[in-house]
1. So for segment 419-433 (the condition being in contact with a Lys or Arg (Cβ under 7 Å, 6 or more places away or on another chain), of a type in the set (F, W, Y) and assigned by TED's automatic domain parsing to the domain that holds E287), does at least one residue qualify?
2. A241: among the small types (G, A, S) and surrounded by 21 or more Cβ atoms within 10 Å (Cβ to Cβ), yes or no?
3. Can you name the number of the only condition in (1) surrounded by fewer than 22 Cβ atoms within 10 Å (Cβ to Cβ); (2) touching a residue at least 40 places away in the same chain (Cβ under 8 Å); (3) in a helix (DSSP H, G or I) that G483 fails?
4. Just to be sure I understand, how many residues within segment 344-360 are touching a residue at least 12 places away in the same chain (Cβ under 8 Å) and either within 18 Å of V423 (Cα to Cα) or surrounded by 15 or more Cβ atoms within 10 Å (Cβ to Cβ) (or both)?
5. Can you name the residue in segment 453-472 that is part of a strand (DSSP E or B) and either modelled with pLDDT of 95 or more or touching a Leu at 6+ places or on another chain (Cβ under 7 Å) (or both) and, of all such residues, is nearest to V169 (Cα to Cα)?
6. Among residues belonging to segment 395-405 that are outside any strand (DSSP E or B) and not acidic (D, E), point out the one that is farthest from Q367 (Cα to Cα).
7. Of the residues V408, V371, V391, V416, which single one is among the β-branched types (V, I, T), assigned to a strand (DSSP E or B) and in contact with an Asp or Glu (Cβ under 6 Å, 6 or more places away or on another chain)?
Amino acid sequence: MCFNQARLDESGIALLLVLISLSLFSLLGIYIALNATSEVCVSDNYESLLAARSAAEAGSNHGRILMSGLSFDGVLEGADGAHDESAAYLAQARSYAFRNPVPWTIARSLDILNPAIDLAGIPDDGLINSGSFQGAQGTALIPLTGATQLVPNPYGAGSITRSRYFAKVSDNNGEVSELAGDPSDSPFKDGDGIVILRSLGIARTRRETFGSATVQNSVTVIETRLRRRSTFRLGAPLVVAGESVAASFDGNTVAISGGDNPGVAAIDLNISDNLSPGQLLREAASEQENITGGGLAAPSVQDITEKVALEPDQSLLFDATYLWDFINNRVPRFADLVFGGDQIWDGTNAPDIGSYDRNQPANAPGQNPRVTFVGGNLSLSGDFAGAGLLVVTGDFSCSGPFAFTGLVLVIGTGNVSLTDFAVGIYGELFVARLTNNAGLINFGVPALSIKGDSRLVADGDSLEMAIRLIPPSQISFREITSGMDP
């Protein structure tokens, strides 16, 4: 009996140990399964977050490029050119949350394959667009429904939507510089050349429900500040920058009209020496009665060095390295046309360097200003025209009835020769000489020769059109969270 009782006791203990072991292994299995599921969720969410961030960055870059050539005011008002003027809406438009292309709550649950239904009713204010014209709706360049980003379909042929980005531009209301230019602090009027671009990227992730709220997207918002620099907004039809200058004006038919601005403006890049470009230009033009403007006695020549030095953007003109980089590196990247080496153009072989009707608004149908870069000498003759921004790093010479509307930058050799430039430039011609000695950039002495029927005429609207073709500078960049939008 004792022997049998002992065996029974041992059997009971063994069974208990087996049950405990099975329980432990079951718990371990459950833990491993839950852990694996959690890791899959974390991995999916992280991958989705990266996709959303990539989409937001793409939207930010795309939006900045699209802002070239556009009126900030036109973008702020949206494609319809109008906005709700009620006090409540204006207050809302000054809030941080208004800067988002899509509200956070909608973005987290949005169907990225078919977002139109969820986004119906959101105003078009701030959508990057071509601008309304005479009551006609402009074109939204990044629509309210955003832009899709596609990836190859891992389950078959074709591609699938991986993410979507949205972009919106708003004003920097309440800031000192904005209030100085726009005392009314209107959310739909730019006062200081600075706007805020927010790009919102959305990518699908695992669907979860929290009460009545559904979350199925990762969302990233990137905010950049864009500034349209006024570096070359100098007003005079002819601006010469240098420590000195060699200039000649020959012929009573030379006509330079500055309107409210001086006909010729000089910037002294070395005020410590005894050379004054303004004085040298005044002496060279002493017999020219047709150089007028700015309420000055003819010839209208004015030194604007002090004025330029006090304006932050324009003071960049004193930095030879900045100008060298702008001309040789930045401009070729955003130019519509890039020509390397010397160019000789006439009415039979000239490329299309843009067109612009000064009697029509900048966004009127048919307006087509262009950015043209010539990395060498440019010689023009014959009857043809161009418009926009023309940049020449070598000598610039023209003989014959050539017309250009906008801004011409002759920065490099700084040599300009105009002979019977009958139709002329409507906007601004800026001239400066740069030298590069083993990477050390310095200013040199520009040379001007203007003869015959050459004409230069100040035109503020045409100059503004050309300046807008220069992509705005990005002056800040940050990622925004929902907690940053009160």
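1. Scanning segment 419-433, I find at least one residue that is in contact with a Lys or Arg (Cβ under 7 Å, 6 or more places away or on another chain), of a type in the set (F, W, Y) and assigned by TED's automatic domain parsing to the domain that holds E287, so the answer is yes.
2. yes
3. (2)
4. Looking only at that region, the number is 11.
5. Restricting attention to segment 453-472, the residues satisfying the condition of being part of a strand (DSSP E or B) are 455-457.
Filter once more, so that each one left must be either modelled with pLDDT of 95 or more or touching a Leu at 6+ places or on another chain (Cβ under 7 Å) (or both): 456-457.
Values: L456: 36, V457: 34 Å.
That would be V457.
6. Kept after step one, since they are outside any strand (DSSP E or B), are these residues of segment 395-405: 395, 400-401.
Among the residues that remain, those that are also not acidic (D, E) are: 400-401.
Working: G400: 24, P401: 21 Å.
By that ranking, first place goes to G400.
7. Checking each option against the conditions leaves just V371.
Rundown of residues vs (1) among the β-branched types (V, I, T); (2) part of a strand (DSSP E or B), yes/no style:
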| site | (1), (2) |
| --- | --- |
| S170 | no, yes |
| S186 | no, no |
| G191 | no, no |
| V195 | yes, yes |
| S199 | no, yes |
| I202 | yes, yes |
| S230 | no, no |
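The values are calculated or read from the model by the stated rules, or taken from the named source; none is laboratory data. Please read all numbers here as calculations on a predicted model, not as lab measurements. Counting neighbours? That spans all protein chains shown, and the Cβs are built from the backbone with ideal geometry, glycine included.
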